[in-house]
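Since every read-out is calculated from the coordinates, none of them should be taken as a lab result. Keep in mind the model is a prediction, meaning the values are calculated, not measured. Virtual Cβ from ideal backbone geometry, glycine too; neighbours counted across all protein chains shown.
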Amino acid sequence: MLEFELEQRTNIKFLVKLGKSGNEIRDMLVQVYGDNAMKKTADYKWMKRFSEGRKSVTDKERSGQPAAIELKNSYKTVAKRDPTVYIYIV
């Protein structure tokens, strides 16, 4: 998880406790984080959670395989499936 996400969630939690509106919170996050601000839908999702009493700013544990993949195997698989795909590694 990005460091900015936890920081923004913490700020959302604080601003919800202060009674700020969703639009006020969103404007403040964009003002502070600019292009690194969370998406608007994520902001409002967390605002709702905190206004309903959620305490934690971290995601709940999930079962199953993590979303992260090993890149070297991933691009080989894509290239094998579609020979017209060109992958540049920078």
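For Gly19, only one of the following conditions fails: (1) more than 27 Å from Glu61 (Cβ to Cβ); (2) touching a helix residue (DSSP H, G or I) at 6+ places or on another chain (Cβ under 7 Å); (3) small (Gly, Ala, Ser). What is its number?
With (1) more than 27 Å from Glu61 (Cβ to Cβ); (2) touching a helix residue (DSSP H, G or I) at 6+ places or on another chain (Cβ under 7 Å); (3) small (Gly, Ala, Ser) applied to Gly19, the lone miss is (2).
I'd like to know if the stretch 2-10 contains one or more residues that are surrounded by 12 or more Cβ atoms within 10 Å (Cβ to Cβ), more than 22 Å from Glu61 (Cα to Cα) and among the hydrophobic types (A, V, I, L, M, F, W, C).
No, the stretch 2-10 contains no residue that is surrounded by 12 or more Cβ atoms within 10 Å (Cβ to Cβ), more than 22 Å from Glu61 (Cα to Cα) and among the hydrophobic types (A, V, I, L, M, F, W, C).
Looking at the stretch 34-54, which of its residues are part of a helix (DSSP H, G or I) and either exposed (fewer than 14 other Cβ atoms within 10 Å of the Cβ) or within 13 Å of the chain's Cα centre (by Cα) (or both)?
Matches in the stretch 34-54: Gly34, Asp35, Asn36, Lys40, Thr41, Ala42, Asp43, Tyr44, Lys45, Trp46, Lys48.
Of all residues in the stretch 12-30, which are of a type in the set (Lys, Arg) and exposed (fewer than 13 other Cβ atoms within 10 Å of the Cβ)? Steps first, answer last, please.
If we filter the stretch 12-30 for residues that are of a type in the set (Lys, Arg), which is where we start, we get 13, 17, 20, 26.
Scanning the stretch 12-30 gives a single hit, Lys17.
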